[in-house]
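Contents: one structure, followed by commentary.
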Amino acid sequence: MERQREQAVVVLQEQLADGIFSMWICCQAAETAEPGQFISMYTNDGSKLLPRPISICEIDKEQGMIRVVYRVTGENTGTKQFSEMKAGDTLPIIGPLGNGFPYELADGKRVFLMGGGIGVPPILELAKQMRCEKKQIVVGYRDSQTFLKEEFEQNGEVYISTEDGSVGTKGNVMDAIREQALEADMIYACGPTPMLRAIKQYAEESNIVCYISLEERMACGIGACLACVCKSKEKDHHTNVNNKRICKDGPVFLSTEVEL
């Protein structure tokens, strides 16, 4: 199904930490959005043609709203322009895009929900919707600015790692799992590639089913331009090579399907 561009309305914008902003928008995309999907957000600046793919952090279907939490990546950037928007402003978006996390597979299981850096926000809606026996949310930050921590604590057992050791375990999310001697039957993870590579290796060594959401810079967001491919075990029907398009085939993959 081809997604149409729509005008979303900003409902609330706030800064959560240095360079980290939260925006609630009212949009039709909220009707069908699922945890793990993303939206492509366009600026109102004609010089910036490509949209920014931003993961969905929370979904409020009753109010028809989506929350995105994003990092401003520089001064003259699309994300900087988003951060300056106020309630009542409008911006073009397309979504929801990509596939979400298959969270229903976790029913009755012990689960790790793992996020790192700007891969932390998409874990929140997943935690809210998941019905499992034991929900262990393991999130990694650079420092003591642990944005979304309170929301996570309302939706599961929270374990934090920080690179500088200021909160929780010093190190990364895998260090937190080892330090706390945590165990799970399934893993859902989103974050930078080095983190996902470590989680994938751990899952395969421990024989745990693991779904990962890949963070890649996308251009079109709909699978046409092939700017965001990753190596896959099987050949892609579209290009007949061992590639998958992260925006179209993902961003969520079974960890054994892809090479990192």
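Name all residues of segment 85-116 having a backbone nitrogen under 20 Å from the label point set 7 Å from the Cα of Gln4 along its Cα→Cβ direction, giving them as ranges.
Residues passing the 20 Å test: 90-98.
Cα centroids of segment 1-62 and segment 78-145: how far apart, whole angstrom?
Their Cα centres are 13 Å away from one another.
Taking the mean number of other Cβ atoms within 10 Å as a proxy for protection, how do you rank 176-182, 12-18 from highest to lowest?
Result, highest mean Cβ count within 10 Å first: 176-182, 12-18.
Among Leu91, Asn172, Gly46, whose Cα sits farthest toward the positive end of the charge dipole of the chain (+1 at Cβ of Lys/Arg, -1 at Cβ of Asp/Glu, about the Cα centre)?
Gly46
In debye, nearest 20: dipole of the chain around its Cα centre with unit charges on the Cβ of K, R (+) and D, E (-)?
560 debye
Kindly work out what percent of the DSSP beta bridges joining two residues of the chain are antiparallel, to the nearest 5.
Of those bridges, close to 60 percent are antiparallel.
Read-outs: derived from the displayed coordinates by stated rules, not from any lab. Bear in mind the structure is a predicted one, so any value in this text is a computation, not a measurement. Reconstructed Cβ throughout: ideal geometry from the backbone, glycine too, with neighbour counts over all protein chains shown.
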